[in-house]
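Report on the structure given below.
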């Protein structure tokens with residue numbers, strides 16, 4: 001869906017690039033079938049945030065830009081919804097209250113497991129597609145490898 005409205009267009013600015021590079025999760029029950037006429041739909045972007053004002057200021061222009069490119073799908077307005085934690089966002093996704101979420105890889109895994117949301121795109125960080133992490137644990141923790149870590 002978003003690739004059609006971003007990757008093939010020319011003259012796209014920062015906002016479209018942000019859309020293409022964002023890690024996005026989409027929950028499918030709210031998506032209309034191809035060719036199904038929809039009018040007056042609102043695109044809802046979600047974010048888990050402890051600083052909603054900051055994230056709203058970044059996401060609202062992206063949502064508005066996406067809607068401006070999705071008129072043929074019936075979208076006429078955009079909204080940004082914030083959640084306090086992954087559990088709340090997973091509930092929004094399961095209920096069909098959010099169309100897409102931009103989140104960290106860790107939160108995305110949790111949302112995928114809790115709501116069935118699917119990964120569509122991923123974010124590049126400072127021009128890099130992938131990066132690695134180093135885990136430090138106490139010697140007496142009992143953790144000897146990644147298999148000893150539990151995500152959920």
Number of the exception - residue 72 against (1) farther than 21 Å from residue 125 by Cβ; (2) surrounded by fewer than 21 Cβ atoms within 10 Å (Cβ to Cβ); (3) within 14 Å of the chain's Cα centre (by Cα) | (3)
Positions within segment 94-116 being over 19 Å from residue 54 (Cα atoms), outside any helix (DSSP H, G or I), out of contact with any strand residue (DSSP E or B) (no Cβ under 6 Å at 6 or more places or on another chain) and in contact (Cβ under 8 Å) with a residue 24 or more places away in the chain, in sequence order | 96, 97, 116
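Do you know which residues across segment 80-90 are loosely packed, with under 15 Cβ neighbours inside 10 Å and either more than 19 Å from residue 117 (Cβ to Cβ) or touching a strand residue (DSSP E or B) at 6+ places or on another chain (Cβ under 9 Å) (or both)? Don't jump to the end; show me each part of the working.
Of the residues in segment 80-90, the ones loosely packed, with under 15 Cβ neighbours inside 10 Å are 84-85, 87-88.
84, 85, 88, listed by residue number.
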Return yes when residue 57 is modelled with pLDDT of 85 or more and under 18 Å from residue 121 (Cα atoms) and no when it is not.
-> no
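Yes/no matrix, rows are residues, columns are (1) closer than 24 Å to residue 130 by Cα; (2) modelled with pLDDT under 95; (3) outside any strand (DSSP E or B); (4) under 16 Å from the mean Cα position of the chain (by Cα):
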| residue | (1), (2), (3), (4) |
| --- | --- |
| 9 | no, yes, yes, no |
| 17 | yes, yes, yes, yes |
| 20 | yes, yes, yes, yes |
| 35 | no, yes, yes, no |
| 62 | yes, yes, yes, yes |
| 66 | no, yes, yes, yes |
| 78 | no, no, no, yes |
| 82 | no, no, no, yes |
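Kindly indicate whether any position in segment 114-137 is more than 10 Å from the chain's Cα centre (by Cα), within 12 Å of residue 46 (Cβ to Cβ) and surrounded by 10 or more Cβ atoms within 10 Å (Cβ to Cβ).
First, the residues of segment 114-137 that are more than 10 Å from the chain's Cα centre (by Cα): 114-116, 124-137.
Then drop every residue that is not within 12 Å of residue 46 (Cβ to Cβ), which leaves 115.
Pick out the ones that are also surrounded by 10 or more Cβ atoms within 10 Å (Cβ to Cβ) and you get 115.
Among the residues of segment 114-137, at least one is more than 10 Å from the chain's Cα centre (by Cα), within 12 Å of residue 46 (Cβ to Cβ) and surrounded by 10 or more Cβ atoms within 10 Å (Cβ to Cβ), which makes the answer yes.
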Residue 97 at pLDDT below 90 and more than 30 Å from residue 149 (Cβ to Cβ) | no
Would you mind stating whether residue 91 is part of a strand (DSSP E or B) and modelled with pLDDT of 90 or more?
-> no
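The values are calculated or read from the model by the stated rules, or taken from the named source; none is laboratory data. This structure is a prediction, so every number in the text was calculated from the model and none was measured. Virtual Cβ from ideal backbone geometry, glycine too; neighbours counted across all protein chains shown.
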